[in-house]
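> The structure that follows is given in the form of structure tokens.
The values are calculated or read from the model by the stated rules, or taken from the named source; none is laboratory data. All values reported here derive from a predicted model rather than from experimental measurement. Backbone-built Cβ (ideal geometry, glycine too); neighbour counts: all protein chains shown. Please note that ligands, DNA and RNA were not included when accessible areas were found on the heavy atoms of the full protein model with its side chains. Shrake-Rupley method; radii C 1.70, N 1.55, O 1.52, S 1.80 Å.
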Amino acid sequence: MVNKSKCDIIVIDDEEDVRESLKQLFSLEGFKVYAMANAKEALEFISTKFQGVIISDIRMPEMDGLTFLKEVKKLNKLLPVILITGHGDIKLAVKSLKLGATDFLEKPFNPNDLVDQVKVLSSQRQTVIESYKGLESSSLKEMTDYFEKNRICYSLEKHKGSILSVMKELKLPRRTLNEKMAKYKINRQLFIS
């Protein structure tokens, strides 16, 4: 049974066993999953209306995951994209994150970690989608700021104000997190229970 409160997921991997295992994993978690063998097929499926989470392999024939990521970000800069690869290194991870990937995972990865990450992103996407209904006329900068503020608040609430836990979840250095909290006037004390 698909949970309507969760976002749809697109899984893109040219390896059928990986693609099918991820489809089954997320289907069992209540997500509606679209599994695709290549990035071009996924781009044809994705429109500016897709509101889910994307998990894509990096090394694929025809169009690689980095090129796919660039094309997705042209459609929707806020769409979460998790890149996975069996041949990763620090340089590739940094490049992926600079291009706008939400996360970068090396195969083999812990499936529970991926599920947890997608659950967080799904919840955040639902919040953004609901919040966006009143922001249609806002600029991309205003929407991005709104999303970022909500993501920090959600993480603070989840971790009961623990800065170290928020830093780990959002993958932000302490200074950057503090700067963002000051920018959005977020009082951490309100989340400590």
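> Measuring with a 1.4 Å probe in the full set of protein chains, what accessible area per residue, in whole Å², belongs to the range 63-163?
It amounts to 52 Å² per residue over the range 63-163.
> A further question on this structure: Between K183 and R59, what FRET efficiency follows from the Cβ-Cβ distance if R0 is 30 Å, with the result rounded to 0.05? Spell out each step's value before the answer.
On the way: r = 37 Å, r/R0 = 1.24.
Calculated transfer efficiency: 0.20.
> Which whole-Hz couplings ³J(HN,Hα) result when phi for each residue of the range 174-191 is put into the Karplus expression 6.51 cos²θ - 1.76 cosθ + 1.60, θ = phi - 60°, listed in order with x for Gly and Pro?
3, 4, 4, 4, 4, 5, 5, 5, 5, 4, 8, 6, 8, 9, 4, 4, 5, 9
> Still on this model: Under the rule of at least 5 residues apart or a separate chain, name every residue whose amide H is placed under 5 Å from the amide H of M36.
V11, I12, D13
> Right, something else. Quote the charge dipole size of the chain about the Cα centre in Debye, to the nearest 20; the model charges only the Cβ of Lys and Arg (+1) and of Asp and Glu (-1).
Result for the chain is approximately 1180 debye, rounded to the nearest 20.
> For the range 62-193, what class follows from the C-alpha gyration tensor (a ≥ b ≥ c being the square roots of its eigenvalues): rounded when a/c is under 1.5, otherwise prolate if a/b is larger than b/c, else oblate?
oblate
> Further, regarding this structure: Each residue of the range 120-128 in turn: what ³J(HN,Hα) in whole Hz from Karplus with 6.51, -1.76, 1.60 and θ = phi - 60°, glycine and Pro shown as x?
4, 5, 4, 4, 5, 4, 4, 4, 5
> Let me ask another. Rank L156, L172, L25 by mean-square fluctuation in a GNM of the chain with C-alpha springs under 10 angstrom and give only the top-ranked residue.
Taking springs between Cα atoms under 10 Å, the residue moving most is L172.
> Another question, if that's okay. Percent of accessible area on the chain owned by carbon and sulfur, 1.4 Å probe?
On the way: 5680 of 10810 Å².
Answer for the chain is 53 percent, counting heavy atoms of protein chains only.
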